[in-house]
Amino acid sequence: VSSRMLSTFVGGRSGQWRIERSSAVVGLALPTASHLAIFENEPGTRALEQESWVLRGVTSYERYVHATEQARLIAIQPPLQRPQATQAALIPVKKSADWWRLPQDRRRAIFEERSQHITLGLRYLPAIARRLYHGHDLGEPFDFLTWFEYAPADAEAFEELVQALRRTEEWTYVEREVDLRLTKRA
Ligand code: HEM
């Protein structure tokens with residue numbers, strides 16, 4: 001469980017990740033950029049040359065995980081920045097006002113009991129390393145910035161997971177989603 005970390009994701013002409021593709025899954029796309037720079041623990045006031053877009057998110061406490069799920073996650077989730085994980089996905093997601101109006105127990109029921117987000121996700125660990133950033137309370141265009149790192153050999157499995165999640169009831173509340181795929185610069 002990490003402490004609060006405000007991070008800035010900048011699409012532009014520089015950064016440690018090359019943007020291989022960027023597609024709008026639902027709603028508006030992001031402006032075109034060739035590279036992604038990530039500033040951890042920096043509010044990102046630093047102006048970057050030729051930046052195309054800037055997204056911010058903060059790590060936070062877990063809202064939905066139950067104790068047994070948390071134990072399973074902790075037991076098998078890998079760290080970020082593994083040398084073999086040269087591919088990544090940044091998937092910004094915005095959920096609808098209907099979602100945010102629901103009480104916590106209803107959201108949990110949709111998220112896990114009916115969509116099996118955690119159950120499904122756990123099957124892809126330890127291949128996929130992940131981190132969730134929240135943007136909702138920052139007034140950001142996306143409620144979540146989801147970040148994943150994996151080895152090229154696991155890219156297909158990751159694709160399968162993403163497709164499965166998009167078919168769930170949880171995803172009927174997604175009103176904007178952009179899918180960026182990246183490779184680490186040598
Ligand atoms: C790699 C396997 C995955 C695992 C183990 C996993 C696990 C989780 C867990 C435990 C949470 C809840 C955190 C909390 O309690 O607040 C969560 C939230 C979330 N995940 Fe995943 N996830 C995975 C993959 C994905 C993928 C591929 C996407 C996007 C396509 C995604 C998008 C999200 C979003 C948007 C949330 C926030 C949901 C909300 O708070 O409404 N996850 N994930």
Q.
I'd like to verify a number: residues in region 107-133 that are free of Cβ contacts under 8 Å to residues at least 60 places away in the same chain, among the hydroxyl-bearing types (Ser, Thr, Tyr) and more than 8 Å from the ligand (Cβ to nearest atom), how many?
A. 2
Q. Failed condition for Glu159, given (1) closer than 19 Å to Thr59 by Cα; (2) acidic (Asp, Glu); (3) not in a strand (DSSP E or B), with all others met?
A. (1)
(Q) Take the conditions under 27 Å from Ala37 (Cβ atoms) and open to solvent by less than 20 Å² (accessible area, probe 1.4 Å) and apply them to Ala155. Does it pass? (A) no
**Q.** Residue that is modelled with the lowest pLDDT, among those in region 43-82 that are at positive phi and more than 18 Å from the chain's Cα centre (by Cα)
**A.** Gly44
Q: Could you give me the residue pairs with C-beta distances under 6 Å whose first residue belongs to region 140-158 and is more than 21 Å from Trp53 (Cα to Cα), whose second residue is part of a helix (DSSP H, G or I) and at pLDDT 95 or above wherever it lies, and which are 6+ apart or on separate chains?
A: Tyr150/Phe158
(Q) Exactly one condition in (1) open to solvent by 10 Å² or more (accessible area, probe 1.4 Å); (2) assigned to a strand (DSSP E or B); (3) out of contact with any Ser or Thr (no Cβ under 9 Å at 6 or more places or on another chain) is false for Arg131; which is it? (A) (3)
Q: Tell me which residues, restricted to region 163-186, are in contact (Cβ under 8 Å) with a residue 60 or more places away in the chain and either exposed (fewer than 15 other Cβ atoms within 10 Å of the Cβ) or farther than 16 Å from Arg131 by Cα (or both).
A: Arg166, Glu170, Tyr173, Val174, Glu175, Arg176, Glu177, Val178, Thr183, Lys184, Arg185
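Of all residues being open to solvent by 30 Å² or more (accessible area, probe 1.4 Å) and under 17 Å from the mean Cα position of the chain (by Cα) in region 1-17, which is modelled with the lowest pLDDT? Just the residue, please.
Val1
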(Q) So Leu145 passes all but one of these: (1) of a type in the set (A, V, I, L, M); (2) open to solvent by 20 Å² or more (accessible area, probe 1.4 Å); (3) within 20 Å of Leu6 (Cα to Cα); (4) more than 8 Å from the ligand (Cβ to nearest atom). Which condition number does it fail? (A) (2)
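The values are calculated or read from the model by the stated rules, or taken from the named source; none is laboratory data. A quick note: this is a predicted structure, and the numbers were derived from the prediction, not measured. Cβ: placed from backbone, ideal geometry, glycine included. Neighbour counts: every protein chain shown. For the accessible areas, the whole protein counts, side chains as well, though only heavy atoms, and no ligand, DNA or RNA atoms are used. Shrake-Rupley method; radii C 1.70, N 1.55, O 1.52, S 1.80 Å.
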